[in-house]
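Note sheet for the following structure.
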Amino acid sequence: MGRIQTFLSRRHTWSWLRIATVTTVVVFCIVVGGVAGILWIATRDLPTFDSFQDYHPSLVSRVYADNGEIIGQFFIERRLYTPIDKIPQAFTQAVIATEDTRFFEHPGLDIVGIGRAAWTNLKKGGRFQGASTITQQLARALFLSPERTYQRKIKELLLAVKMEWVLTKEQILEMYLNQIYFGHGAYGVAAASLTYFDKNVSDLSLPEAAFLAGLPKAPNTYSPYRNPDLAKSRKELVLGRMVEAGYITEEDAQAAMATTLSYRHQSLEPIAAYFLEEVRQHLVDRYGETLVYKGGLQIYTTLNIAMQKSAEEAVRTGLRQLDKRQGWRGPVGHVEYVKDFTPPDTFPELQNPRAAVVHGLYRALVTKVTKQSAQILIGNTYKGSVSFEGMSWAQRRLETFGDVATAVVRDKASPLQLLKVGDIIEVSPKKGTVESGEFILEQTPLVEGALIALDPRTGAVQAMVGGYDFTRSQFNRAVMARRQPGSAFKPLIYASALQQGLTPATLVLDAPVVYEDEDLDRMWKPENYEKRFFGTISLREALRHSRNAATVRLLEQIGVPEVVNIASNLGIRSPLSQDLSLALGSSSVTLQEITSAYGVFADQGLWLEPYLITHAKNLHGEILEQHLFEPRQGMTKENAYLITNMLMDVIQSGTGRLAKSIGRPLAGKTGTTNSYNDAWFVGYAPNVATGVWVGFDGVRTLGRLESGAHAALPIWTRFMDQALRNLPVMTFPIPEDIQFAQIDTATGNLPSKTSRHISTEVFRKGTEPEKAAPQKANPMDFFEFDRMDSESSPQLSSF
């Protein structure tokens, strides 16, 4: 019986042992299978080994001016890649001491660090200390999302191990230092160095390196611009860990802690917005957005910073002056101003000085008005005043917003009639700074304008302004807007005449003429600006004073196709009308086209394509594109000089006399279209050609008498006066086959004994007069042609 019980007991024990064993095996298999399943799920979309070697971070593409200064950047993440050997050792040591002291010892996972972090967290009862290595952080930044899940953590650990198999520690550290975010839009240490200290990373000092090394943990929290005390504490913590790691001595740390850091954000002055946008569009069209915004390109351009600043200032000043002549539109807003006034949220520009700047002008609140002046408050901070002299232009008030035809002048209006307490107005400092307390009443112009300047010898665009303010309108009127040039097109008519053998002394009749427009079934009678005619005059005289009737007759004589042909040779790509109205600039062209055409006159008949980019390099320094000069003979150099000589007269004694004050050899031409809708001035020195256009985007009048000479020429003169100060004085070269001869201006021939008006004229060799001719009677001396009824036929005036 005892044996039977023993047997049954052993059998029972064996059964439980088998069950336990089988259960253990099953559980183990389940666990292993589960882990394997989790690993399979976690790793099925992990990057391959090759992707670690093929590291291409998103890098900034930088745009440079002609002197090598940075003028713009294109990026999604502002990052400048820097090799590890160019990064100061103090910075790499600071990062390692702070983020991963055992970086050079572990295989991507720091088991010791994980245990230490777990023990610390257990003692403190929560998650107070992390254990991510530099390799794990890099894996997370490159390949994973920021979500906090177990699956992501497993992926992070596996990726870290895989990266350590493929990459060296130096490669991992280099990638990490160029990848991580440092706050305020800076990715990588090079961008961070510029963002916080405005210096190259190689120039970082120990305290600066310690500060930057402390940022990646929480860039916003430790920002010196937001939390300077926390930033200082974090820097000291980093220095302390560097001492613990043996990288620096306690004395070095104390000295660095005592150093007060000076934070200076990299100052990229906003400049040339329209120019940069043209560059960006060209690059995106050719290379795609990915390469432009992430490829770290280096783009070298033709922009001259000094010229660009002068251009922007000239356009801004000229448009404001024109807008004031048109009349005041009134305050931009009104609030109820009382004692202890608090600016409402609806007017943020009244709350702080930075927000007060809108389109380059300050928004100000009128707090008091007297007979002599108005007291103002800017950004709830700066106080000042506007004298009556500084607001007297507002006596011309527009009854209808933006309609110059509704202007009413109140000659005796004082500040009390012009402004009210609570008005929100636009002002500018009279002496340059808001601290001066003296201001001038302003208003943001509705009118637009454009300026382009290029070197006629190369085609390099040195300055470009496409409108009053890029933030208001990104439409580039310098290269995209097609508008009627008016008389600014006339030099092309006269250039064609010279090409056909005529001379500046050739006579043309400036008298009434009527043409029938068969397409529109109406009559067309070109008139001069002065509403009178001047009889038989030379081509020089006709161009100098912009005689419309004479120019139309000249075009009729030489033929429209010849002008269209020479316009094409001079770079005009816009379609041109095939009728006589072409003489008065009826066909719309771009400012860049006509400025480039004038550049041919300046450069002895050679036309060169305008360009903005000299060359562009990729990240590895390889040339992607480089501008090649391909000059083309648009006209003979002799005729180019003849036109230049004639256009010099326009500035010396014609419609461009204002530019004479510059005191340099200059040539140019005004242009104005019907009803004063467009105002132009295009002109040049031997080393710079500049065009200016002024007008409204929606075609309407600029106002009575706002001609090219009045609206565009002051902008051109202001710009050229500044631009030429930095350029050598040059004269227009005279070709060898140019002859000078005295002529009788009334006949265009050699002077005779009876000649009353003699002058020296310039000719292409072989076209100069060889004999004198008797004085011919001018019919206009005996009678005046009756004018056609202006109401029965349309008119096209240009000057």
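Listing for the model above:
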quantity: Efficiency of FRET from Cβ geometry, Asn618 and Ser577, R₀ 56 Å, rounded to 0.05; calculated: 0.80
quantity: Per-residue HN-Hα couplings for region 223-228 [Karplus 6.51, -1.76, 1.60; θ = phi - 60°; Hz; x = Gly/Pro]; calculated: 5, x, 7, 9, 9, x
quantity: Fraction of accessible area attributable to carbon and sulfur, the chain (%, probe 1.4 Å); calculated: 52
quantity: Cα Rg, Dmax (largest Cα-Cα span) when computed across region 604-697, Å; calculated: 18.0, 56
quantity: Counting DSSP beta bridges with both ends in the chain, the antiparallel % (nearest 5); calculated: 85
quantity: Mean Cβ count within 10 Å, highest first, over the residues of peptides 541-549, 656-664, 155-163, 734-742; calculated: 541-549, 155-163, 656-664, 734-742
quantity: Selection from Ala667, Ala460, Ala602, by position along the positive dipole direction of the chain (Cβ); calculated: Ala460
quantity: Chymotrypsin sites (Phe, Trp or Tyr not before Pro) within region 361-454: DSSP coil, no more than 15 neighbouring Cβ in 10 Å; calculated: Phe401
quantity: Distance from region 376-448 to region 627-654 (C-alpha centre basis), Å; calculated: 44
quantity: Simple Cβ-charge dipole of the chain, Lys/Arg +1 and Asp/Glu -1, about Cα centre, in debye nearest 20; calculated: 2860
quantity: Computed over region 216-268: relative contact order in percent, which uses C-alpha pairs under 8 Å that are six or more apart; calculated: 22
quantity: For region 264-352, accessible area per residue (1.4 Å probe, heavy atoms of protein chains only), Å²; calculated: 48
quantity: Built amide H within the under 5 Å cut-off of Gly535, gap 5+; calculated: Asp510
quantity: Bins of 5 Å, starting at 0 and running to the largest distance - Cα pair percent for region 168-219; calculated: 4, 22, 31, 27, 13, 3, 0
quantity: Pairwise FRET efficiency - Met523 versus Ala405, Cβ, R0 = 22 Å, nearest 0.05; calculated: 0.20
quantity: For region 213-350, size of Cβ-based charge dipole, Lys and Arg +1, Asp and Glu -1, in debye; calculated: 320
quantity: Relative contact order computed over region 318-454 (Cα-Cα under 8 Å; 6+ residues apart), in percent; calculated: 32
quantity: Protection proxy ranking, peptides 414-421, 680-687, average beta carbon neighbours within 10 Å, highest first; calculated: 680-687, 414-421
quantity: q = 0.18 Å⁻¹, region 513-586: log10 I(q)/I(0) [Debye, one scatterer per Cα]; calculated: -0.79
quantity: Ellipsoid semi-axes in whole angstrom, largest first, where each is sqrt(5λ) of the Cα gyration tensor of the chain; calculated: 74, 34, 25
quantity: Distant-in-sequence amide H partners of Met523 (H built 1.01 Å from N, under 5 Å); calculated: Asp517
quantity: In Å, descending, principal axis extents of the Cα set of region 310-423; calculated: 40, 37, 24
quantity: Leading residue at positive end of dipole, the chain (Cβ point charges), from Thr133, Ile734, Thr701; calculated: Thr133
quantity: Of Leu109, Ser568, Ala356, farthest towards positive along the dipole that unit charges on Lys, Arg, Asp, Glu beta carbons give the chain; calculated: Leu109
quantity: Net charge dipole size for region 133-254 [Lys, Arg +1 and Asp, Glu -1 on Cβ; Debye, nearest 20]; calculated: 720
quantity: Shape box of region 299-372 [Cα atoms, principal axes, largest first, Å]; calculated: 55, 33, 20
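The values are calculated or read from the model by the stated rules, or taken from the named source; none is laboratory data. If you're wondering where the values come from, they're calculated on a predicted model, not measured in any experiment. Neighbour counts run over all protein chains shown; Cβ positions are idealised from the backbone, glycine included. Quick note on the areas: whole protein, heavy atoms, side chains included, nothing else; ligands and nucleic acids left out. Shrake-Rupley method; radii C 1.70, N 1.55, O 1.52, S 1.80 Å.
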